[in-house]
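So the structure is just underneath, and the comments pick up after that.
The values are calculated or read from the model by the stated rules, or taken from the named source; none is laboratory data. From a predicted model like this one, the values you see are computed outputs, not experimental measurements. Note that each Cβ is placed from the backbone with ideal geometry, even for glycine, and that neighbours are counted across all protein chains shown.
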Amino acid sequence: MRVVVIGSGIVGAGAAYHLSRRGVSVTVVDAGCQGGATQAGAGIVCPWVDHPEDDDWYRLTREGARAYPALVEELGEDIGYAKVGALLVAEDPVDLEPVRTLLRRRHAGAPEMGDVVDVDTPTELFPPLSDNLSALLVPGAARVDGCSVRDALLRACVARGAVVRTGIAALTPDGQVLLHQADAANGTRRSPAVAGSQADEGQSGGPAGTGAFAGPGDGDAFAGQVNEGGFADPAGGNASAGRVDEGGIAGRADEGEYGSWRQAAPMAAPLATPLAAARAHAPAAPASMEALRLAGEGVPVEADMVIVAAGAWTGEVCRPLGVELPVFPRRGQILHATMEGVDTAWWPIILPRVGPYLLGFPDSRVVVGATVEDVGFSPRVTMGGLDEVIEAGLRVAPGLFNATVTEARVGLRPVYAPGRALIGRLTDRVVVATGLSAYGLTAGPFTGEIAAALALGETPPIDITPYAPA
């Protein structure tokens, strides 16, 4: 059996991995568009605190988190996965009671979250925190490096004979795949090479015998970054200035009386600050696909089944099938900083009721983010976005004031307008898997497993009726 996977972010890589384990002939195709989500995700795996009124969303993320330990063992390499726990913090301890109740209710069905306890002195676990915060510890929460997961999955595929190709995959009305060259002329980019993958004719594919793979990513790939020594504008200065939509990361969208602990959508109302007023008048970038202009007729890629896991670009990829999928990009900007000489590897994830998340990684690295912006296909690091992240981060963790900013990343999280993830068959030969929004690194590999099962005509590991195309 031959399966083409369109998209090499964490969902596409997960699908290819599970297919290759079954002996399927797999070709992964990706355009390398700026703004894929996988590399810009922080890597938080803590599903139990979110979607209190949506059991179907919760089930997908819970099972995604539950699958990680076995995946780590199968891959046999470091993917940055560690159970470091999560501190849920709030200035008023009363604000912790709804999530405490939620966790108590869900514990029997998810004992892997561990026993949730109060923490009297959160600064003992995460020293930069403000000393006026109350906290609950969820010991089973984990963090993971999205790039490492994706790369490991693709390496495992290639080792079993899969091919990773860089190019723009276009579908015909009957679900055939045509591969067009990807280069700077159509807004695509290069990404790290995977040994054994292929570069298409006319492309420089890196070291001999290798090619490039890249986004559009899926779930929670990074578009541009600000590195030490300078700022890079991944849009080349052509996109309109983006805006942090109505409050950015400073609050959260309403979701019932309590809602998810983590913010996944822009605020319903702007904050009364000069910066918020400036955002409200900043032009938003159009949600267009102009970067994916196709040249030539394309080269057919033989396939019995196709999995489209193209993240925020999925709707455009699937349009030739005669279906309209309301998948749109939601921009997130995230900041990386280092604290020289400080061991941050086992610091817990910090999840405030209001404000940004923070988490530590090895090499004295701390990640702070992320903005939540509905600005179309505009994968740019912006001054306003960095201001939001830094201001909110220092409010929660003033001890980061002297940390060294080393990198900023930006990604376009794919959001399916009806609300939940989008997983299912579109035609008798095309499967779609996307729309994980802020939960891509939590549920991405597991969603890939579901997509692989659908492509093989097998029963998925969970009921996917709630995620079927509307």
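Quick rundown of the values:
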item	result
Filter result (touching a Lys or Arg at 6+ places or on another chain (Cβ under 6 Å) and among the hydrophobic types (A, V, I, L, M, F, W, C)) within segment 1-43	Ile10, Ala13, Val29, Ala37, Ala40
Where Glu77 falls short, out of the listed (1) buried (at least 17 other Cβ atoms within 10 Å of the Cβ); (2) out of contact with any Cys (no Cβ under 8 Å at 6 or more places or on another chain); (3) modelled with pLDDT under 95	(1)
Residue, nearest to Ala82 (Cα to Cα), within segment 436-459, restricted to residues that are in contact with a helix residue (DSSP H, G or I) (Cβ under 8 Å, 6 or more places away or on another chain) and not in a helix (DSSP H, G or I)	Leu436
Single match in Val431, Val410, Val375 (criterion: over 23 Å from Gly259 (Cα atoms), in contact with a Phe, Trp or Tyr (Cβ under 8 Å, 6 or more places away or on another chain) and hydrophobic (A, V, I, L, M, F, W, C))	Val410
Considering residues of segment 114-148 that are of a type in the set (A, V, I, L, M, F, W, C) and over 18 Å from Gly360 (Cβ atoms) only, the residue surrounded by the fewest Cβ atoms within 10 Å (Cβ to Cβ)	Val117
Output for segment 362-399, where each listed residue is among the aliphatic types (A, V, I, L, M) and buried (at least 20 other Cβ atoms within 10 Å of the Cβ)	Val366, Val367, Val368, Ala370, Val372, Val375, Val381, Val389, Ala392, Val396, Ala397
Segment 391-431, residues that are basic (Lys, Arg) and either touching a Pro at 6+ places or on another chain (Cβ under 8 Å) or not in a helix (DSSP H, G or I) (or both)	Arg409, Arg413, Arg420, Arg425, Arg429
First in segment 81-98 and closer than 13 Å to Trp346 by Cβ, second anywhere and assigned to a strand (DSSP E or B) and among the charged types (D, E, K, R), Cβ under 7 Å, 6 or more apart	Ala82/Arg143; Val84/Arg143
Residues of segment 58-93 that turn out to be hydrophobic (A, V, I, L, M, F, W, C) and under 14 Å from Trp261 (Cα atoms), as a count	5
The one condition in (1) touching a Pro at 6+ places or on another chain (Cβ under 7 Å); (2) small (Gly, Ala, Ser); (3) in a loop (DSSP other than H, G, I, E, B) that Ala65 fails to fulfil	(3)
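Yes or no, residue by residue, for (1) among the charged types (D, E, K, R); (2) modelled with pLDDT under 95; (3) on the phi < 0 side of the Ramachandran plot:
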residue	(1), (2), (3)
Gly355	no, yes, no
Val368	no, no, yes
Thr382	no, no, yes
Asp428	yes, no, yes
Gly457	no, no, no
Ile462	no, no, yes
